[in-house]
1. All but one of (1) under 17 Å from A:Asn138 (Cβ atoms); (2) of a type outside the set (S, T, N, Q); (3) more than 11 Å from chain A (Cβ to nearest Cβ) hold for B:Glu86; which doesn't?
2. Only one of (1) more than 10 Å from chain A (Cβ to nearest Cβ); (2) surrounded by fewer than 19 Cβ atoms within 10 Å (Cβ to Cβ) is not met by B:Gly175, so which one is it?
3. Check B:Asp53, B:Asp75 and return the single one that is among the charged types (D, E, K, R) and within 14 Å of B:Leu148 (Cα to Cα).
4. Only one of (1) buried (at least 16 other Cβ atoms within 10 Å of the Cβ); (2) within 14 Å of another protein chain (Cβ to nearest Cβ) fails for A:Lys159. Which number is that?
5. Only one residue in A:Ile116, A:Ile128, A:Ile111, A:Ile154 is over 28 Å from B:Ala144 (Cβ atoms) and in contact (Cβ under 8 Å) with a residue 12 or more places away in the chain. Which one?
6. In the list B:Lys4, B:Lys43, which residue meets the criterion of being within 19 Å of B:Leu152 (Cβ to Cβ), at pLDDT below 90 and assigned to a strand (DSSP E or B)?
7. Within the set of pairs 6+ apart or on separate chains, which have a first residue in segment B:111-122 that is within 12 Å of chain A (Cβ to nearest Cβ) and among the charged types (D, E, K, R), a second that is buried (at least 22 other Cβ atoms within 10 Å of the Cβ) and not in a helix (DSSP H, G or I), and C-beta atoms under 9 Å apart?
8. Taking the stated definitions as given, is B:Lys99 surrounded by fewer than 18 Cβ atoms within 10 Å (Cβ to Cβ), over 13 Å from the mean Cα position of the chain (by Cα) and either of a type in the set (Asp, Glu) or farther than 20 Å from B:Val22 by Cβ (or both)?
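The values are calculated or read from the model by the stated rules, or taken from the named source; none is laboratory data. None of these values were measured; they are calculated from a predicted model. Here the Cβ is made from the backbone with ideal geometry for all residues, glycine too, and neighbour counts use every protein chain on show.
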Amino acid sequence: MNSIIEVKMGGLAIIHGETDELKTFVGSCVAICLFDINAKIAAMAHVMLPKKINGKQRVIENEVGKFADTAFAYMLNNMIQMGADPKRIQAKMAGGATIFSHESETSLSNIGSRNIAAIKQILKETGIPLISEDTGANFGRWVIFTLSSGDMTIISNLKKTRKII
Amino acid sequence: MNLKSNHDDLRQLDRVINSFIVSKTIPSLNVILEEPIQYFHKKTQAIQITNLDLLISNFEEMDVMSAVYVKCGGDLNIGVLWYLLEEESKPLAVKLLGKSHLNEFDKLAISSISEIGNILTASIVNAICNEAGCKIYSSVPGFAIESLRILLEAIVSDFGDLSDTIVASAVEFYGLNSGIKLQMLLIQDPKEAKKIIA
């Protein structure tokens, strides 16, 4: 029987095994998964913001996935310690929606787009290939990553869609 | 002073916002809906931005909401979210547009619901401006149909650039004739919320 770890908002989890799944629910946040399919190690972070921008923001133990920059450092270090090969690590991601539409282009801070851009920049800098993504649009998504297959399943209850990337 | 840990400040903020609701927002909503309004001011609380469970009841977890969000900046950063069940928002749009029915949310229906959010936000933000002696400008209202969790995720992330915590004030409004239940969530940065009660 599969065991499923649910990653909460701003959270992060790393799994090592044949049967585990990682699951989260994102809107403007982004679910980023790094994985080494050979070593059977995967990590998922529920990223809320691109990076820490002032000293008042803290990274507490159960919120290491909150900022893209600190989440990546944590995932990579721990995955490598657990036996992942940096050259084999790949990425998939989903989320980063723009939830509120506006009649004009005066927008909120458009956090979804900023999260996507920040993560892609970090992937570029770290040389980790982004295998697939389901990002943008204006709806929330359930994101389930299956370690045994490397599949990321995206479910929208509102749009009544389900797809694997 | 850390408003997060100061219950007296939170209670005082609760009272101030309640007075704005009674004197400004209720009369505005009364005129818009053309019916008597009852309200229930739940409470004002300081929460971690990652702890949305404190703002979402079990009953609301699966519901799809129609929502309008207005972000206010300037001397104070305030976010005001108005939301109601999607199924209740269609009759509201029908009433506002003077139509006999509404099959789906077209631009006009979205515009009508957004305008309600805009007017009601102005009612409370203007009162805050007068009370705190500050200048605040509002964004164009943003409209969404989504679950409450996803709506809140977008809003608190927006505040996450400023702080790890938010102060949230929740109020429910009931149209006594129509039965419409409209909810408001007013979100502030804790250190800025202090200015309203200074």
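1. (3)
2. Just one mismatch for B:Gly175, condition (2).
3. B:Asp53
4. Among (1) buried (at least 16 other Cβ atoms within 10 Å of the Cβ); (2) within 14 Å of another protein chain (Cβ to nearest Cβ), the lone unmet condition for A:Lys159 is (1).
5. Numbers: A:Ile116 fails: over 28 Å from B:Ala144 (Cβ atoms); A:Ile111 fails: over 28 Å from B:Ala144 (Cβ atoms); A:Ile154 fails: over 28 Å from B:Ala144 (Cβ atoms).
Exactly one of A:Ile116, A:Ile128, A:Ile111, A:Ile154 is over 28 Å from B:Ala144 (Cβ atoms) and in contact (Cβ under 8 Å) with a residue 12 or more places away in the chain, namely A:Ile128.
6. Values: B:Lys4 fails: assigned to a strand (DSSP E or B).
That would be B:Lys43, the only listed residue that is within 19 Å of B:Leu152 (Cβ to Cβ), at pLDDT below 90 and assigned to a strand (DSSP E or B).
7. Filtered contacts from segment B:111-122: B:Glu115/B:Val68; B:Glu115/B:Pro141.
8. yes
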